[in-house]
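Have a look at the structure below before the remarks.
The values are calculated or read from the model by the stated rules, or taken from the named source; none is laboratory data. These figures come from a predicted structure and were not determined experimentally. Counting neighbours? That spans all protein chains shown, and the Cβs are built from the backbone with ideal geometry, glycine included.
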Amino acid sequence: MIIKDALIYVGKAILFGLIMAAVIIFILPLITGQSLTNGITSRVSTSSSELSFSKAVRRAAPAVVNIYSLSIDQSKPLNPGSLQGLGSGVIMSKEGYILTNYHVIKRADEIVVALQDGRKFTSEVVGSDPETDLAVLKVEGDNLPVVPLNLNIPARVGDVVLAIGNPYNLGQTITQGIISATGRNGLSSGYLDFLQTDAAINAGNSGGALIDTTGQLIGINTAAFQIGGEGGGHGINFAIPIKLAHSIMGKLIKNGRVIRGALGIGGEAVGPVMAQILNIPDLTGVVITEIDPNGPAAQAKLRPRDVITEFEGEPIPGVEMLMDRIAETTPGTKITMTVIREGKSYQVPVIIGEKPVHYN
Amino acid sequence: MKTKLSILSAALLSATLTLAPAVSQAAIPLAVGGQELPSLAPMLQKTTPAVVAVAVSGTHVSKQKVPDAFRYFFGPNAPREQVQERPFKGLGSGVIIDAKEGYIVTNNHVIEGADEILIGLHDGREIEAKLIGADAESDIALLQIKAKNLTALKRADSDELQVGDFAVAIGNPFGLGQTVTSGIVSAMGRSGLGIEMLENFIQTDAAINSGNSGGALVNLNGELIGINTAIVAPGGGNVGIGFAIPANMANNLVQQIIEHGEVRRGVLGVMGQDLNSELAKGFGIETQHGGFINEVMPDSAAEKAGIKVGDIIVSVNGRSIKSFQELRAKVATMGAGSEVEFGLIRDGDKETVTAILGESTQAAEAAAGAVHPMLQGAKLETNDSGVEITEVAQGSPAAMSGLIKGDVIVGVNRTKVNSLKALKSALEDQKGSVALKIKRDNTSLYLILR
């Protein structure tokens, strides 16, 4: 009897509970506006039209050009010449300025630029900078497509990027990846500035665009990590950040070359051993190891083993910082450096010279 | 008290039931920092069972001519050629496109020359496949397996694809087992690569390697957009440049193979070249892409449709085309008798014409091995009286059966045969030995296929 009572009691509760549950399950979606099971399926069935980079591609891709060299066979004067694929370039302005890599155009006698709409232009070289591997070309044309640009968006590791170029002269190709690493932004020298990406970059992509998912230019694709000349495919590729490329472009347009200051020294960071030998208190500064006998440093009577600790009153922590400060100074400018020699500190005035350009 | 308790327990039970799904849902991290984490896993659960491994084995026959100087040593009856046979095995991928019929699409180069084709399904089953038909020029082949509980891929309209769309490759690279790689559509309408006779590729940076051939390229909805076919590989492996045959083109070919057992190439009857900026300038036109018509064949589909020399074909069935090669690939894979609308520019004005594609007058080659294993190595062509053998590869099963070039197959056992299709259906019902009735130099003879 007790068992029966208990069963009825439990049975009633279960029955009532089930009914309530059914009612709540049925009503709850109506209240919250969505089915409970939809939480999982909705993200699966996201339509492909929303998830595509086609908008970014449409904005940027027309401004990425194919660059060819026109080689004319002297022995066949009637032959119009053949086009050889060299690389890619990016149209930066309505005036027809095109950014590309120096290594793309350095051996070309005559350069032909081909737009994606089929137009072809012969182009002149405005200027080249072997140090950053950049060159600026110019074409004369109407209604040139220009790449969207925002210099104030920094590229971050993990950002999705698209590379646009003409690998193996197949025709325009878009590849996708992320920013794998970033260097320092806005500085004038050295390879540390590169953006690293795993978007596929191959021979012929050089000089082409690296864009973000809104179509804005963030870099100029320059190199692929290679082993034994086997070609790329390792997912380790490099691009010059747009901030640096843009500032180099401005200088090339203005002067035809990048004018960099030079001091005429070789140096290295002050390590613990060097600090002890030279009897200096801390490890900041650059110790001079070599002096160009005709350079500005020699003229200012600087010697090897002198330690440069300040440049125009600004402390110098290491070699890169000093190199950047010197490079950014207009040749002919008189600057003051703090130098430690034999444990004593001196203020040394130096007239910065111009760094010679080697077009290799 | 009792009622109170029962209401309480009812409330508890209902709360547990309603909250249960919410709790299990919370176990999956759907979002990080308020943003949904994308994963292809739910889509792939539905699509990967439709992609299969294709293992083939067969014999490569290579011929080496015996130099005349050495023929002396072997006597006057020595063979002119030395035939070498080398067994081979190959691996590739395939896509189930019809679960009920068991149809599987793959590349022709995956199964070419194979005596045996074994399909490895996602669930571990291994089933022998039959070759239904193949087209070497476009590199498409259709296989069939008899199996239950198959999963097929739905086909997307590959003409709707845009550069920048996500693409996912599913296949069996290096025989490692099923592998999924992701990327985007890098370019459309890629041609002029010299990989196939008919090229109109989707280019992708999703990693494709040896063994991926014949596998699927799908969109984010898990629909088939292409058949992965080739890569540019300077170092042997993937560098982010892969090519897939568009799903629409593959489908056109497959439909022809299902219907006729072979591809009936559509012919427009034009010759031409890519429109380039010089031509465009010369003709004073704005368009920079298209197929420029140099020549229209008399009595061709093009002439009947009113296509003229100097026309620039800019679209096929409303889809713009970039090059003459793309036009060629599209037309050739559409099938004889298809009604096709061409958009063209004539004297600067846009026009549309409709053509009914003619049938290729060239040898309608079929994969003879698909008709009967002992016919492998022969090229077959339907002519007025029957099926003509236009070529026989030395040392092939067809040659061993006694077939020689110029033979015309007119019957199978007592059944008359007047076309490739008739030959195929006549041979299909036969088990064991078959007698082929052959016409050779005005005489009739029977050859036995075992």
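Numbers at a glance
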read-out: Filter result (touching a helix residue (DSSP H, G or I) at 6+ places or on another chain (Cβ under 9 Å), polar (S, T, N, Q) and within 13 Å of chain B (Cβ to nearest Cβ)) within region A:138-175; value: A:172, A:173, A:175
read-out: Filter result for the condition that a residue is touching a strand residue (DSSP E or B) at 6+ places or on another chain (Cβ under 6 Å) and at pLDDT 90 or above, over B:306, B:290; value: B:306
read-out: Among (1) over 18 Å from the mean Cα position of the chain (by Cα); (2) among the acidic types (Asp, Glu); (3) closer than 24 Å to residue B:331 by Cα, the one test that residue B:199 misses; value: (1)
read-out: Positions within region B:250-282 being within 13 Å of another protein chain (Cβ to nearest Cβ) and either in a loop (DSSP other than H, G, I, E, B) or among the acidic types (Asp, Glu) (or both), in sequence order; value: B:274, B:275, B:276, B:278
read-out: Segments classed as strands (runs of 3 or more DSSP E), wholly inside region A:80-130, with at least 1 members that are within 14 Å of chain B (Cβ to nearest Cβ) and surrounded by 22 or more Cβ atoms within 10 Å (Cβ to Cβ); value: A:82-91, A:111-114
read-out: Exclusive hit being in contact (Cβ under 8 Å) with a residue 40 or more places away in the chain and assigned to a loop (DSSP other than H, G, I, E, B), set B:336, B:355; value: B:336
read-out: Given (1) of a type in the set (Val, Ile, Thr); (2) touching a residue at least 40 places away in the same chain (Cβ under 8 Å); (3) facing chain A (nearest Cβ under 9 Å), index of the condition residue B:245 fails; value: (3)
read-out: Residue among A:224, A:209 that is modelled with pLDDT under 90, within 14 Å of chain B (Cβ to nearest Cβ) and buried (at least 18 other Cβ atoms within 10 Å of the Cβ); value: A:224
read-out: Residue match in region B:222-233 (condition: more than 29 Å from residue B:337 (Cβ to Cβ) and of a type in the set (D, E, K, R)); value: no
read-out: Selection within region A:227-251 - in contact with a strand residue (DSSP E or B) (Cβ under 9 Å, 6 or more places away or on another chain), more than 22 Å from residue A:182 (Cα to Cα) and either at pLDDT below 90 or surrounded by 24 or more Cβ atoms within 10 Å (Cβ to Cβ) (or both); value: A:231
read-out: Meets criteria (within 29 Å of residue A:130 (Cβ to Cβ) and modelled with pLDDT of 90 or more) for residue A:293; value: yes
read-out: Selection within region A:296-316 - surrounded by 15 or more Cβ atoms within 10 Å (Cβ to Cβ) and within 18 Å of residue A:281 (Cα to Cα); value: A:306, A:307, A:308, A:309, A:310, A:316
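Residues are listed down the side, and each one gets a yes or a no for (1) buried (at least 24 other Cβ atoms within 10 Å of the Cβ); (2) under 14 Å from residue B:185 (Cβ atoms); (3) among the polar types (S, T, N, Q):
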| residue | (1), (2), (3) |
| --- | --- |
| B:212 | yes, no, yes |
| B:218 | yes, yes, no |
| B:230 | no, no, no |
| B:245 | yes, yes, no |
